[in-house]
Each structure stands twice: as C-alpha cells, then as structure tokens.
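Colleague: First the structure, then my questions, so here it is.
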Amino acid sequence: MLPQAHRHAKAPMPSLVLALGALLLALVTPQAAQPSSKSNPPNPPKSRPPSPNPGSKGFERLQLFGKAYVDASEWARANGCSVRWLKPREEFLISNDKLRLQLNVDGKRALLNGVQVWFSSPIVVHNGGVCFSEVDLQTLIHPILFPNRRERAAKTIVLDAGHGGKDRGKVAGPYEEKSLTLALAKELRGLLEKQGFHVALTRTDDTTTERDDRADIAREKGGDLFVSLHFNSAGEAGPSIRGVEVYCMTPAGENSTNGTSDPSERQYAPGNRFDAQNVLLGYEIQRAITRRLNMEDRGLRRARFAVLRVAHMPSVLVEGGFLSSPAEARLVANPAHRRKLAEAIAAGLNAYLQHTDPKPSATPKEPKSTKAKPRAKQTPSQLPSKVPTPEAR
Ligand SMILES: [Zn+2]
C-alpha cells in the first residue's frame, strides 16, 4: 500500500466477467438478487424499498475481531460456486463459469473477475475455513455482483477537475496536476456530450475551488453522478510506483484502505447513502481503465475524501496515474494517452449505467422516428455482455 501519497487517501480494483458472475449467481440463487439495505441507514437513495440481503440467509455469521464474518465456502455454495486453494493458506479461489473471486488471505486484497478490489477488513482463516467480513459482503461483493436499477436514468454527469488556482496539486517537473485534471475533464466532457449526456464541470478554468464546495456545486448543477479527477504521487515511496486507483467512500465504521482512521471519523456520512452505487461505479471505471490501457491495476479503494464524504449523488475519485513516476507523468501529459484515459472512464460510466438505469420499456409508446437519440453508443466490448442482470430474470 502506498505511503501518504498525495493529499487524498489511496487503494485497488474490478469487470465484464463480473457482470457474468452476477448473472450466474442471480440465476442460481434467487434471494441473492436482492440488494443490501443494511449498510444504508437513514435516507436510502431513492431507488427502491429495502429488500432482503442477497445470500444472507442459510448460513451463520461468525464473530471475529468484534465483527460479523462469513464463511467464504458457505457463501460460495449458497451461490453455486466451487472453492479451492490456489496457494495453500495464501490464495483462495471462489469460482464458477461466470465468477472468479480470488481472496488473498491475511490481507485485504482480492481479484474480482480480474479487477483488484480492497476489502475493508482482513480476509482470514478461522478453524480451517476462509472468512471475510459481513460488511465487505454487503458493501463490496453484493453491490457489484447484484446491482440495483434506479427509477430514472442518470442524465447529468458532473466532472470535478481536481485542484486549481492557488492549489496546484502535485507538481512534478513541468507538470502540474491542476492543469492535467482540467485537460482530462474537458476531454471527457466532449466524449460524454457526444454520447448524449449533459455534463457539468465544477471548474472550467484555473480558479481556486475549495474541496468542501465541490459536492455542493455538483448538486447545484443537478448531477446524477460525480467523478473527481486527480493524478497521484507516491511521495517517499519513490518513482517506481505507478498505476491507476479509483476511490469510493469508506463504509461507516470501517477503516479506509490507506490507513486506520480515528474512530470519530468513521461515522456514517452523507456519502454513505450511496455505498452500493459508489462501489459499482468505482469498480466499472477501474475495470475499464485497466482493461483498456496498459496501466497497473492498484485497485478499487476506500477513502473519506471530502468530495466523497459529503456527496449528494453516487461519487468516485479517479487517480489516473502517478506524476511522481517520470515515465507515467510523461504518459499522462501525452494528449493521445489522455484521450484514451477519457474514453476508458466514459466506458466505465456507461457500463455502470447499463446495470443501474431503468430497463428500456419492451413496448415503446413512441415510434422510432422520434428524435430521441441514443445516449451512449457502446461497443460490444463495453456492454455487460448478454448477461441478464438479476432484475431481468
Ligand atoms: Zn489531486
């Protein structure tokens, strides 16, 4: 894990195979298709009424380290998967023909259909069986495998170019983070607008914008989704650290990926209303970037960054590469690379919306001649394949 890199916290990542896994699991276990309501206390995002937790019945919870834990093998069986050790007491695999969840024991890292994701609590061995925490089941695994659909489609995306004005962000040689984030935000805005989205930026020029104000700006602009754009720095860890990280809000009561937090900081925050959407959005963006670009997958991580903590909508923060790596800084400053990075983030957003937007009506009331244009043109590789989502059953 990175040392105190940058001002934001840090963490690793997810995919299409994932969607397939979700489908399969959903097909195998009817009750597994329900979203969790447990981690979204008051004011759940206006999606749908609370429903039973997926796969949460039929096997017992253990109390380990003062937390509820789940036996991974029991969860796997309940969801139609098999289990085996890839490396004894190190790497444990839960899989079927649609899902591959590789757990690194005694740590917090896992590979979920090829994408690195960081758990909130350690994955451990207890009485010979591999266990992970109930919180990770409900705020990481299930929201990604069993997405919920919203009542209305997301239309407005707010892009937040990190830093600006007096706050230059990371400065490395000729490169300033504040300029690179703004360039990326504008590139991404152009792509998304062509796809039919309404896009707003928290800043459009080199102005100072307080971090605490950015979430409010996003709300004023009517945002449905919020993506904060940054570039990373490894500090004393040195120039060899490189790769992509995507952050979403830390679940209430849990530690962030890059360090333990003061108990007073772990309480439920407004951004936790969107725990399920945050993690799915972050997963899809991390997956899209690491699949499309030859950049190291440092994973989907958790942090209580200001813009995530007070968020009024599903929100993530993208660290699109390390400026502290001379090689990666040159890459990030290259317009052709930046274009690809923007395309990958747009693909991740669209993959998320494929899971969460309302299903198109089977019997459209209006003839095809209406001028409604398709919002997002996707290539087959971006689509969640044919995998029916759980609601589609
Ligand atoms: Zn930054």
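Bear in mind that the values in this text are calculations on the coordinates, not laboratory data. As the structure is a prediction and not an experimental result, all values here were calculated from the model. Reconstructed Cβ throughout: ideal geometry from the backbone, glycine too, with neighbour counts over all protein chains shown.
Colleague: Just order 109-121, 73-85 by mean Cβ neighbour count inside 10 Å, highest at the front, would you?
Modeller: The most tightly packed comes first, giving 109-121, 73-85.
Colleague: Still on this structure, I have one more. Is the shape of segment 223-263 best called rounded, prolate or oblate, per the rule: a/c under 1.5 gives rounded, else a/b larger than b/c gives prolate, else oblate, with a ≥ b ≥ c the square roots of the Cα gyration tensor eigenvalues?
Modeller: oblate
Colleague: Fully extended, how many nm does the chain gain between Ser264 and Phe59 (0.36 nm per residue separation, minus their Cα-Cα distance)? Please report the intermediate quantities before stating the final value.
Modeller: On the way: separation 205, 0.36 × 205 = 73.80 nm, distance 3.27 nm.
Gain on extension, Ser264 to Phe59, equals 70.5 nm.
Colleague: If you wrap a convex hull around the C-alpha atoms of segment 156-356 and split its volume per residue, what is the figure in Å³? Mind dumping the intermediate values first?
Modeller: Values: hull volume 22.5 nm³, N = 201.
Convex hull volume per residue, Cα atoms: 112 Å³.
Colleague: Which links in Lys108/Lys178; Lys87/Lys108; Lys186/Lys340 stretch past 23 Å when you go from one Cα to the other?
Modeller: Values: Lys108/Lys178 32 Å; Lys87/Lys108 16 Å; Lys186/Lys340 13 Å.
Flagged as over cut-off: Lys108/Lys178.
Colleague: Could you tell me which residue out of Val70, Leu86, Leu99 lies farthest along the dipole of segment 56-114 toward its positive end? Charges go on the beta carbon: Lys and Arg +1, Asp and Glu -1, centred on the Cα centre.
Modeller: Projecting each Cα onto the dipole axis, the largest value belongs to Leu99.
Colleague: Can you tell me the FRET efficiency between Ala336 and Glu236 if r is taken as the Cβ-Cβ distance and R0 is 35 Å, rounded to the nearest 0.05? Could the numbers behind the result be given before it?
Modeller: Numbers: r = 31 Å, r/R0 = 0.89.
Efficiency, rounded to the nearest 0.05: 0.65.
Colleague: While we're looking at this one, here's another question. When the chain is fully extended, how far beyond the present Cα-Cα distance does Thr156 get from Glu193, taking 0.36 nm per residue of separation? Each step should come with its number before you reach the end.
Modeller: On the way: separation 37, 0.36 × 37 = 13.32 nm, distance 0.99 nm.
Gain on stretching Thr156 to Glu193: 12.3 nm.
Colleague: Under the rule a/c < 1.5 gives rounded, and otherwise a/b versus b/c splits prolate from oblate, where does segment 61-145 land using the Cα gyration tensor?
Modeller: Details: a/c = 1.33, a/b = 1.19, b/c = 1.11.
Note, shape of segment 61-145 comes out rounded.
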